[in-house]
Each structure stands twice: as C-alpha cells, then as structure tokens.
Amino acid sequence: MAWSTREIAELAGTSVRAVRHYHEVGLLAEPERRANGYKQYGVAHLVRLLRIRRLTDLGFSLPQIAEMGDDGHPADALRALDAELAATVDRLQRARAELALILDRSAPLDLPPELAPAATAGLTDADRSFVVVLSRVLGPQRMQAWADVLEDLPVDPVARELDDLPADADEPTRRDLAERLAPYIRRLHADHPGLTAPHSDSPRGARFVEQTAQRAMRELYNPAQLDVLRRAGELLR
C-alpha cells in the first residue's frame, strides 16, 4: 500500500503542509519515491503521523515529541504533561472564579479578588488607590483584616467630611475633625484587630510597608487631610 502526500495527510487528519514540516524538522522520515518522482508513503509513515497528531493534540510541542524518539509509552513525559495541564486547569479555575467575582461586584480590574468588596464600599478614588497599593505590600493577616473592613465598612459622616476636606482648611476645622475622627478609627480597630497587627508576615518587611503606605498617602491626600489623620493618630495613642 502506498499513498501520496495528499492521501496520507487526509488519512492522518492533518495537512500536506504539516506533513512537509514534519519532514523538515526530522519528525517524519522521507519516503521512497516512485519512478515519476512522487513520494509514496507506507503504513509506518501513517502510524508515525497519527502518533505525532495524537501527541500534539495532548499538548506536546514538536521538540518534545522529537525528544521522545520511538518510545511507545513515554511515561515520564506523559506525567510531566499531566502535571502541567493540572496546573493550567487550576489557574483557569482561579481565573474564572476571579472573573465571576469581578462581574458580580462590578469590581475594577486593579483590585485583587480578596479586596473586591472595595468596589461596593463607597470608597473615594484616593481611598481605593491606597487599598490597591496596600494589596501589594501587606501580608495575608493584614490583607484579610482590610478585606473584612471593606466587606462591612460602616458609614459615618465624619469619614465623608475627611474625604471632602479642602487643602486650605483652617486650624480649628482640622482640629475639630481630628477629634471626631479618632473615635471612628478606634471603633474600626476594635472591630478588626487585624488592622493593627504587626507586619511580621509582610513579604518585604514592616519598614517597607510603612514607607510605601506613607508615600502613597502623600500622593493621594491633600495636606489638610494628612494633618487630620496625623492628629487623629496621636489621639489614639
């Protein structure tokens, strides 16, 4: 039995171009030629083509197939591919879960999934940006504390006053707002002790967390807001 290039490509469920490429990269041996110069493929070529197609369908690359040679059951390669596919499936499942959360909460893409509640917590753009920055430096314990806060963030007029505070707010206004803001912050800390937990589990260390947070605050909040937060912090000591 002898087949032409087109015929064997059809039998193997591939293309003439693919067959020629397999010849070029050394995966498929060149067949003998008829007297008229046309190639004539045999059963061994068909079996080899079917093997190549099966392996590529499973996810092996052509270089990987070449490394297998004629091993009829490359167990190590199959196990390695199985582990790779399992990791891919796990990654895709996590991606789908994140997409579901983003769609369900209309969450912005810059928020990590565990902080998706920030999308519906009524945060200002500055507050949300600050949370995004924190998500890159906090350890799991503090991240969970922030997630819990954002899940059920209490609505308090004093917090809104801070959001709306102009940069040129006078001294009495700042002092009064700080005195009223301190109890609000104290309640948050009491309800969520993790907010004040040490940064011992932070990947980059406590000092880096503090420096990053301070830099972000200087960029995101105006001088009056920063002054009120500083005063409120002093009242909490």
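The values are calculated or read from the model by the stated rules, or taken from the named source; none is laboratory data. None of these values were measured; they are calculated from a predicted model. Here the Cβ is made from the backbone with ideal geometry for all residues, glycine too, and neighbour counts use every protein chain on show.
Before moving on, here are some points about what is shown:
- So residue 77, is it without any contact (Cβ under 8 Å) to a residue 60 or more places away in the chain and assigned by TED's automatic domain parsing to the domain that holds residue 89: yes
- Residues being in contact with a Pro (Cβ under 7 Å, 6 or more places away or on another chain) and not aliphatic (A, V, I, L, M) - total across region 43-74: 1
- Residue 132 being at pLDDT 80 or above and more than 19 Å from residue 228 (Cβ to Cβ): yes
- Residues of region 202-211 that are closer than 24 Å to residue 184 by Cβ and surrounded by 14 or more Cβ atoms within 10 Å (Cβ to Cβ): 209 alone.
- Restricting region 193-237 to residues that are more than 16 Å from residue 127 (Cβ to Cβ) and among the acidic types (Asp, Glu) leaves a set whose member that is nearest to the chain's Cα centre (by Cα) is 201.
- Residue that is farthest from residue 11 (Cα to Cα) [pool: residues in region 57-72 that are of a type in the set (Asp, Glu) and assigned to a loop (DSSP other than H, G, I, E, B)]: 71
- Residue pairs whose Cβ atoms lie under 8 Å apart, sitting 6 or more positions apart in sequence or on different chains, and linking a residue in region 83-96 that is of a type outside the set (A, V, I, L, M) to a partner that is not in a helix (DSSP H, G or I), are 84/59.
- Which numbered condition residue 169 fails, given (1) surrounded by 12 or more Cβ atoms within 10 Å (Cβ to Cβ); (2) modelled with pLDDT under 90: (2)
- Residues within region 1-56 that are buried (at least 18 other Cβ atoms within 10 Å of the Cβ), in a loop (DSSP other than H, G, I, E, B) and not hydrophobic (A, V, I, L, M, F, W, C), tallied: 2
- Residues satisfying the stated conditions in region 181-201, i.e. hydrophobic (A, V, I, L, M, F, W, C) and surrounded by 14 or more Cβ atoms within 10 Å (Cβ to Cβ): 181, 182, 185, 188, 195, 197
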